[in-house]
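Down below is the structure, laid out as structure tokens.
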Amino acid sequence: MTNPPLPHADELAALQDSLLAWPRWPHSQPPPRAEGLWTWVQANHRNNSLLWAEEDLARRTTVGDAEIAANKRAIDGYNQARNDATERVDELLLLALGVVDEASARSDAALAPAPAGARLNSETAGSMIDRLSIMSLKLKAMQAQTERTDVHEAHRAASRVKLARLQQQRSDLGGCLDALLAETAAGKAFFKVYRQFKMYNDPQLNPQLVRERQKP
């Protein structure tokens with residue numbers, strides 16, 4: 001079985017931007033551009049988009065506490081799904097890079113020692129793709145600020161400065177991602193799937209949820 005080609009940062013950014021422009025995104029979405037890796041890249045981006053919207057709603061000050069509580073619970077769910085998708089992206093990238101085989105991609109083999117001579121990168125490629133997704137959301141939101149007609153020009157001008165900085169940040173991040181993937185493919189770098197272990201979402205690990213179950 002041939003491993004899929006590695007993604008490039010400009011492809012990822014273009015996909016993330018195009019999905020944000022999709023009608024009714026993130027509640028409806030186009031089919032992924034390909035099965036496997038791209039399915040999970042899109043799932044990560046969709047959950048980040050849903051999470052972004054809920055974060056905005058959770059900051060409202062003129063609605064009841066029950067609505068804010070519902071937003072907070074939704075945030076927990078989308079954040080868990082976002083992290084699950086990020087980990088799956090890492091697994092598939094390590095598989096495509098030939099670092100692990102298919103049988104061990106989702107096991108502790110993804111925590112194997114780095115190949116001889118390869119530097120260990122503390123941030124995974126999947127987490128960088130996750131950050132690119134968030135950057136696309138920030139860019140879209142800041143672009144909207146530069147186009148507002150209900151504010152003074154000073155607000156739009158300040159937003160243009162911030163937009164340029166965000167664009168530079170995404171470009172720099174993309175370059176770092178491309179470098180990590182290239183260096184890993186060449187045996188010069190390495191990353192591991194550590195798992196996020198979101199304890200607050202786990203009824204066996206969150207001490208408050210454990211106490212709730214133990215109450216008579």
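The values are calculated or read from the model by the stated rules, or taken from the named source; none is laboratory data. These numbers come from a predicted model, not from an experiment. Here the Cβ positions follow ideal geometry from the backbone for every residue, glycine too, while neighbour counts run over all protein chains shown.
The table below lists the values:
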quantity	calculated
Failed criterion for residue 114 (all others in (1) touching a Phe, Trp or Tyr at 6+ places or on another chain (Cβ under 9 Å); (2) modelled with pLDDT of 90 or more; (3) aliphatic (A, V, I, L, M) hold)	(2)
Of all residues making up the range 1-57, the number that are assigned to a loop (DSSP other than H, G, I, E, B) and either on the phi > 0 side of the Ramachandran plot or of a type outside the set (Val, Ile, Thr) (or both)	23
Which numbered condition residue 137 fails, given (1) out of contact with any Ser or Thr (no Cβ under 8 Å at 6 or more places or on another chain); (2) in contact (Cβ under 8 Å) with a residue 40 or more places away in the chain; (3) not in a loop (DSSP other than H, G, I, E, B)	(1)
Residue match in the range 144-155 (condition: in a helix (DSSP H, G or I) and within 21 Å of residue 40 (Cβ to Cβ))	no
Residue within the range 195-202 that is touching a residue at least 60 places away in the same chain (Cβ under 8 Å), within 16 Å of the chain's Cα centre (by Cα), surrounded by 14 or more Cβ atoms within 10 Å (Cβ to Cβ) and under 26 Å from residue 26 (Cβ atoms) present	yes
Residue in the range 78-99 that is surrounded by fewer than 21 Cβ atoms within 10 Å (Cβ to Cβ), over 13 Å from the mean Cα position of the chain (by Cα) and of a type in the set (Val, Ile, Thr) present	no
Flag for residue 86 being in contact with a Gly (Cβ under 9 Å, 6 or more places away or on another chain) and either β-branched (Val, Ile, Thr) or at pLDDT 95 or above (or both)	yes
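Okay, residues lined up against (1) of a type in the set (A, V, I, L, M); (2) touching a residue at least 12 places away in the same chain (Cβ under 8 Å); (3) buried (at least 20 other Cβ atoms within 10 Å of the Cβ):
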site	(1), (2), (3)
21	yes, no, no
26	no, yes, no
30	no, no, no
35	no, no, no
55	no, yes, no
75	yes, yes, no
